[in-house]
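Undergrad: Let me give you the structure first, and then I'll get to my questions.
The values are calculated or read from the model by the stated rules, or taken from the named source; none is laboratory data. From a predicted model like this one, the values you see are computed outputs, not experimental measurements. Neighbour counts run over all protein chains shown; Cβ positions are idealised from the backbone, glycine included. The accessibility values were calculated without ligands, DNA or RNA, using every heavy atom of the protein model including side chains. Shrake-Rupley method; radii C 1.70, N 1.55, O 1.52, S 1.80 Å.
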Amino acid sequence: RMVFELLKAYHLKYPDITALHNLGNSRQGRPIWALRITDNPNKDEAEPSVLMVAAHHGSELLSTEYALDSIDEILQNAEGTNAEWINNLDMWIIPLVNPDGNACLWEIDENFGRKNCWDMNSDGQVEATEGVDLNRNYPFGWGVLDEKGSRTWTRSNYYRGPEAGSEPEVQAIL
């Protein structure tokens with residue numbers, strides 16, 4: 001919720017160069033928010049795009065801070081040194097791809113958060129070993145190295161999911 005409130009505050013302060021987008025929802029229904037920064041945020045233009053994505057692992061707290069700091073830096077200097085970026089780029093910043101993992105980290109146990117906290121056995125209790133490592137769920141090269149780099153074993157921290165792009169968080173980014 002805090003990430004959304006910060007993104008909303010940036011959008012309210014800089015409404016002419018930002019747009020707030022809900023890209024989709026996590027497995028547990030939490031929204032995945034992006035802030036678009038460009039000179040015409042409500043219109044598609046043929047400009048190069050920049051995508052900054054943070055916190056695929058909900059426990060990557062510092063990556064969320066880096067994304068938020070980047071937004072702050074870009075917007076604070078919107079009329080100065082960063083005006084060229086804003087006028088010539090279409091920047092999308094997503095500070096928290098894994099809101100469920102992040103919520104599990106804060107609300108359940110600090111050992112949670114790498115995976116998306118999907119209650120895979122539907123017993124009503126999320127365990128630290130349940131869920132999918134979102135970094136390993138993207139379709140490109142999914143599973144090509146067999147058990148190197150990602151795993152088919154569901155309890156592994158590196159579980160890549162039942163199929164490529166199966167997770168709603170990954171689908172939101174795609």
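Undergrad: Between ASN116, ASN137, ASN77, which gets the highest mean-square fluctuation from a Gaussian network model of the chain, Cα cutoff 10 Å?
TA: Of ASN116, ASN137, ASN77, the Gaussian network model singles out ASN77 as fluctuating most.
Undergrad: I would also like to ask the following. Which length gain, in nm to one decimal place, applies between TRP153 and GLU5 when the Cα-Cα distance is subtracted from 0.36 nm times their residue separation?
TA: 49.6 nm
Undergrad: Still on this model: Give me the dipole magnitude in Debye, nearest 20, for region 38-116 about the Cα centre, with unit charges on the beta carbon: positive for Lys and Arg, negative for Asp and Glu.
TA: 280 debye
Undergrad: Using Cα positions and a limit of under 28 Å, work out the lysines in reach of LYS148, with same-chain residues fewer than 8 apart set aside.
TA: Those lysines meeting the cut-off are LYS115.
Undergrad: Tell me, what % of the accessible area of region 1-62 is carbon and sulfur with a 1.4 angstrom probe?
TA: Within region 1-62, the accessible surface is 55 percent carbon and sulfur.
Undergrad: Across all directions of projection, what mean area in square nanometres is found for the Cα convex hull of region 97-174?
TA: Mean orientational projected area (region 97-174, Cα hull): 4.8 nm².
Undergrad: Dividing the convex hull volume of the alpha carbon atoms of region 1-101 by its residue count, what do you get in Å³ per residue?
TA: That works out to 89 Å³ per residue.
Undergrad: Right, another one. Using a 1.4 angstrom probe, figure out how much accessible area the chain has per residue, in square angstrom, rounded to the nearest whole.
TA: 54 Å²
Undergrad: Of all alpha-carbon pairs in the chain, indicate the percentage at a distance above 30 angstrom.
TA: The proportion of pairs with Cα distances above 30 Å equals 23 percent.
Undergrad: Something else now. Whole angstrom only: what separates the Cα centroid of region 109-153 from the Cα centroid of region 20-51?
TA: A separation of 25 Å, based on Cα centres.
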